[in-house]
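Okay, so here's the structure we're looking at.
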Amino acid sequence: MSCVCRQLRFNLFASVLLLIAIKQSPASSYTPFVSYGGVLTTLNPPNGALSNTGTINDLGQVFGTYWATSDRSSFAPLSAFEYWKGTYSDIVIPQQPSDAQLIASINDAGVTYGQYYTRTLPSNPGSNSYESAFTQDATGFHPFSLPQCPRSTCIQTVITGMNTSGVIVGYYGNEVGGAPEFGFVDRSGVPVPYAIPGMFDTLVSGINESGTMWGGGYIGSTYESWIDTGTGANLLQLPGCVHTYIAGVNDSGTVAGTCWLTDWGLPRSLSTAFFLQNGSVNFFNVMGASGTELTGFNDGGDFTGTYYVLDPISSTPEPSSLALLGTGLAGLVGLRRGQRRFRAPD
C-alpha cells in the first residue's frame, strides 16, 4: 500500500500533495492544466520537460513540480514551481540539499510549506528516501518534525496543507516493509495523530479556512475518501466510483476530486473529475480526453489537475487556453446524481 501512496504523491503532486495521487494508467500523454472561471489553460513550466500540478490557493496561485529532463526515476532532479497571472516562478528553499527533490505550496497568508526528499538514511537501508517537512515565512525557514516520527525509525513527515490560522495537516510513517502511514493535525504547535478505525494508511490531504479536513486511506482493497467538518470523519461514496480522491473542499462546502470508474490496478483504468455541491454530483472530462484527474480546488471555483489520452485521437485540444466541454458548474458538463455519506466504522 505504501508504494502505491508513493506513486500517488508524485503523479498527483500530492499530495497531493497528494500529495496524494493514485496509481495512474499507462497513457499516450498527460497534460497538466488550471481552470480559471471555466477556461482551461495547459501548464508548461519553461524549465521543465515533464510536470505535474498540485494545489491552488484562494489567490489563484498554482503550485506543482517539474522534471528538468524526461528522467522520472526515483531521484531525478525535481523542482517546485508557482504559476500566477501567466508567469512561472521556481520555489526555492535555501536549506534544500542540492540533490534533493522539492514539493511545496504557498497558503493564502504567503507561508510556504512542503517537504524535500533526500537519499536513503543508513538507519533505513531498505528505504527509498527521507522526507523532511518544513514551513517558511517572513521570519525564516522552520524545519517541521513530529515526536511520533523520529529519524531513527520513521523516514517521512509530509505536510499536505496549512491554512491561514496556522493549522498544519499531513501524514508520517515508514514506507519500509509495507508499514502503515498515519495522519496528523498540528494546532498551535501541538501535533496530534489522526486515524480512522479500520482504515490502513489514514492520510490527511488538506484543510480549508473553515477548518474542514479531508483525506483518504484503504479499507480492504478500496481507497476511500473522507471529510471531517469537526465532528468526525464521514466517508465519501459516489455512485459508479470504484475509488475516490478528494482534491479540495472549499469554504462553502463544495467538494472536488477524482472518481475512478474502474479499478486502478487494471492496465487501462479510467477516471473522471467530479464536483459535489448541495448533495448533487457533477462528473466531467476535458473535451477529447480519456480521463481527467483533479489535484486542487479553491474558494473561487478554480481548479487544477491533469487530463490524459490513452490512445491518440484527432480531437485532442491543442491551444494553450481551452473551453471546458458543455455547461454546468464552472462550465462543466455534469451528470446529476444522488450522493451518500457514511460515518467511518468505529
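The values are calculated or read from the model by the stated rules, or taken from the named source; none is laboratory data. These numbers were taken from a predicted model, which means no experiment stands behind them. With ideal geometry, Cβ positions are generated from the backbone for all residues, glycine too; neighbour counts draw on all protein chains shown.
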Residue ID - surrounded by the fewest Cβ atoms within 10 Å (Cβ to Cβ), chosen from residues in the range 26-55 that are assigned to a loop (DSSP other than H, G, I, E, B) and touching a Leu at 6+ places or on another chain (Cβ under 7 Å)
28
Within the range 223-241, which residues are surrounded by 18 or more Cβ atoms within 10 Å (Cβ to Cβ) and more than 18 Å from residue 198 (Cα to Cα)?
238, 241
When both residues are 6+ apart or on different chains and their Cβ atoms are under 6 Å apart, which pairs have a first residue that lies in the range 168-192 and is farther than 13 Å from residue 154 by Cβ and of a type in the set (D, E, K, R), and a second that is modelled with pLDDT of 95 or more and assigned to a loop (DSSP other than H, G, I, E, B)?
187/167
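Residues checked against (1) closer than 29 Å to residue 29 by Cβ; (2) within 19 Å of the chain's Cα centre (by Cα); (3) outside any strand (DSSP E or B):
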{"site": "206", "(1), (2), (3)": "yes, yes, no"}
{"site": "239", "(1), (2), (3)": "no, no, yes"}
{"site": "246", "(1), (2), (3)": "yes, yes, no"}
{"site": "251", "(1), (2), (3)": "no, yes, yes"}
{"site": "258", "(1), (2), (3)": "yes, yes, no"}
How many residues are at pLDDT below 90 and in a strand (DSSP E or B) when one looks only at the range 260-276?
0
Write out, first by first residue and then by second, each pair whose Cβ atoms fall under 7 Å of each other, whose residues are 6+ apart or on separate chains, and whose first residue, in the range 130-154, is under 19 Å from residue 104 (Cβ atoms) and at pLDDT below 90 while the second is aliphatic (A, V, I, L, M) and assigned to a strand (DSSP E or B).
131/158
